[in-house]
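The values are calculated or read from the model by the stated rules, or taken from the named source; none is laboratory data. The model shown is predicted, which means the values in this text are computed figures rather than measured ones. Reconstructed Cβ throughout: ideal geometry from the backbone, glycine too, with neighbour counts over all protein chains shown. Accessible surface is based on the protein model in full, side chains and every heavy atom, while ligands, DNA and RNA are left aside. Shrake-Rupley method; radii C 1.70, N 1.55, O 1.52, S 1.80 Å.
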Amino acid sequence: MASPSYLPGDIKADLTGDDKKIEDLGEKKLSSDGEIEANVVELNEAEARRILKKVDFRLVPLLSLLYLVAFIDRSNIGNAKIAGLTKDLHMVGLQYNTAVTLFFVPYTLLEVPSNIVLKMMRPSRWIAILMFCWGLTMTLMGLVNSYGGLLAARFFLGVTESGFFPAATFLLTLWYRRYEVQRRMAVFYIAASLSGAFSGLLAYAIQKLNSRAGLSGWQWIFLIEGLIPVFLSLFIWKLLPDSPETARFLTQEERDFLVNRLAEETGTGHGRVTNQDKIQKHHILAGLSDWKVWAAVVIFWGNTVGVYGFTATVPTVIQQLGYSAANAQLLTIPIYVFASIVTLIFAFWSDFRQARSPFIVAGYCIAACGFIAQLAIPHPKYPGLTYGFLFPVAAGLYCPFICLVCWIANNLAPSSKRAVGMALLISVGNMGGIMGSNIYIAREAPKYHTGFGVSLTMVCCAILMTFVLRWGYTRENNKRAKLLMENTEEEIKSRYTEQEMLDLGDRSPFFRYTL
């Protein structure tokens, strides 16, 4: 049996029996200063898959559940609107849009600081703290009795939820190699798609509590959906693993295997990267100043402008096609289920093809077709056709997003720079939610030509910037390939100490960017 391709050539050993499992080679690599590094562990393909499945079952379902809860709490204001929120709080004009928008102000400003804190403490504990705080805020939102109270609650919901998504996506990158992470992250992310379905289903059921205990249906939505994360936060910190190095549910040999295979993930089979670095000032500056992260922000806006406006408005769009409020809640469910299926297909296909940018472009092209159709159909003359073209809008917006997050995560190293860069991408990218929350104007119902038109424009900009970013990565890869052709590996390594090479991260001559 051939040795696994992910093991360096100088430490491979023949695996002669199918029953041979984890084998400690008894070797310990010496660094340049003589310090002993972690054991190198070799195993067969069946054992490698077994360990990854063990990680999958422990990590991915937990994060998916938490993100489902987070996105429901973030977007349930759309369900509360048609359950009587705007009427009871006497909201007029753009006041609803303002309430939706205010969430994104602290949400976008605090994601980078949150990920810096994440690198300084255990991720499981930080995520549990965030969950308790946003759950408490959402619960108290059910007690507001004025528009000002709603604005204050939405602001603090943005404060408390800001750190979760960048923390969760970064945590996934600590466990999987570059062409393994997207399908896992997709399972995690479709919780956002399914949140639209669950939110509609929950709202439909909870609305029936209207007038119970003197509370309106929308108040019950906030109260019940807020208590769920409070409850989960009490024990999630004990279940959520922090990193391969400290995972108690793995044996020492399994931990060594995961750490070593991730360290060798440079894209060339040469050099090493690290996930064990302690965050320092130069990591923060590197993550904040990388032009490729800022270019990806424009691609991100193609998603957030459309998604946040769409999720907050789609129940109203369906209701104004002639359906009752309760049926409008239920009719959102198939849309999000379809988006989830397409997102999963794109993720598995992207990992299989070992490519990111083609799938980003393809997804946004699907969304563009949906937006064009919404602008062209005379609303509400053809309700069935209008409803049908909401499906490609949702699918086309959701499926490229996870490709983009993985694309940037694949191309940032070491882990401290990745933590900052991913948080920056998500932080500034989510500012598109501010625009998206204000482009679906109530007086334009049911056509919403401004909302659909602006979303279409941003999708086209995202497609264009994807080509620009791919060109930048390709150019850098070609430069490094040329350097390796003109110099031996030993000649290049002699120019740096081992620590300097690790600090270079994605700027290392041995690192190759994913396209």
For the chain, the charge dipole (Cβ of Lys, Arg +1; Cβ of Asp, Glu -1; about the Cα centre) points to a positive end, and the Cα of T343, Q95, L250 closest to that extreme belongs to Q95
Accessible heavy-atom area order of T450, T488, highest first, probe of 1.4 Å: T488, T450
Could you let me know the centre-to-centre spacing of the stretch 195-260 and the stretch 343-380, using Cα atoms, in angstrom? 29 Å
Of all chymotrypsin sites (Phe, Trp or Tyr not before Pro) in the stretch 83-114, which ones are in loop regions per DSSP and have a Cβ with at most 16 other Cβ atoms within 10 Å? none
Can you tell me the length gained on complete extension of the stretch K381 to F231, counting 0.36 nm per residue apart and subtracting the Cα distance? 49.4 nm
Cβ-defined net charge surrounding G217, 10 Å radius [Lys, Arg +1; Asp, Glu -1]: +1
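Over the stretch 266-422, calculate the relative contact order: mean separation of alpha carbon pairs under 8 Å at least 6 apart, over the residue count, as a percent.
It rounds to 39 percent for the stretch 266-422.
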Once H90 and M120 are pulled to full extension, the length gained, defined as 0.36 nm per residue separation minus their Cα-Cα distance, is 6.3 nm
In terms of solvent-accessible area of protein heavy atoms at a 1.4 angstrom probe, what is the ranking of R255, R49, R261, highest value first? R49, R255, R261
How far is the Cα center of the stretch 457-480 from the Cα center of the stretch 81-98, in Å? 41 Å
Could you compute how much accessible surface R58 exposes when probed at 1.4 Å, giving the result in Å² to the nearest 10? 80 Å²
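Could you tell me the calculated FRET efficiency between A326 and A46, based on Cβ-Cβ distance and R0 = 45 angstrom, to the nearest 0.05?
0.35
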Two-site label geometry, L215 and W471: point separation in nm, points 7 Å out along Cα→Cβ: 5.5 nm
Of the residues A419, M131, L63, the Cα lying farthest along the dipole of the chain towards its positive end, which is defined by charges on the beta carbon of Lys, Arg, Asp and Glu, belongs to M131
Based on the alpha-carbon gyration tensor of the stretch 203-348 and its eigenvalue square roots a ≥ b ≥ c, which shape applies: rounded if a/c is under 1.5, prolate if not and a/b is larger than b/c, or oblate? prolate
Chymotrypsin sites (Phe, Trp or Tyr not before Pro) lying in DSSP loop within the stretch 212-307, provided at most 10 other Cβ fall within 10 Å: F235
Once normalised by the length of the stretch 111-238, the mean sequence separation of its alpha carbon contacts under 8 Å that are 6 or more apart gives a contact order in percent of 44 percent
Using a ≥ b ≥ c from the Cα gyration tensor of the stretch 322-399 (square roots of the eigenvalues), is it rounded, prolate or oblate, where a/c under 1.5 gives rounded and otherwise the larger of a/b and b/c decides, a/b for prolate? oblate
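Assign unit charges at the C-beta atoms only (+1 for Lys and Arg, -1 for Asp and Glu), then state the dipole size of the stretch 35-145 relative to its Cα centre in Debye, rounded to the nearest 20.
360 debye
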Dipole of the stretch 155-242, positive direction: furthest Cα of A168, Q182, I228, with charges on the beta-carbon: Q182
Here are several values of Cα extents along the principal axes in Å: (1) 71, 45, 45; (2) 71, 54, 45; (3) 92, 54, 47. Which one was derived from the coordinates shown? (1)
Take the residue pairs K278/K479; K238/K417; K381/K447; K292/K479 and return only those whose Cα atoms are more than 20 Å apart. K278/K479; K238/K417
Accessible surface, 1.4 Å probe, highest first, among residues R74, R443, R122: R443, R122, R74
Once R507 and R495 are pulled to full extension, the length gained, defined as 0.36 nm per residue separation minus their Cα-Cα distance, is 2.9 nm
How much mean residue ellipticity at 222 nm does the chain get from its helices, if each DSSP H run of length 4 or more adds -39500 (n - 2.57) and you divide by all residues, to the nearest 500 deg cm²/dmol? -22000 deg cm²/dmol
Compute, for the chain, the length of the dipole vector about the Cα centre, with Cβ point charges of +1 (Lys, Arg) and -1 (Asp, Glu) only. Units Debye, rounded to 20. 1660 debye
Expressed as a whole-number percentage, the relative contact order of the chain with C-alpha contacts under 8 angstrom and at least six residues apart is 21 percent
With +1 on the Cβ of every Lys and Arg and -1 on the Cβ of every Asp and Glu, the dipole magnitude of the stretch 365-515 about its Cα centre, in debye rounded to the nearest 20, is 520 debye
Once a ≥ b ≥ c are taken as the square roots of the eigenvalues of the Cα gyration tensor of the stretch 394-515, is the result rounded (a/c under 1.5), prolate (a/b larger than b/c) or oblate (a/b not larger than b/c)? prolate
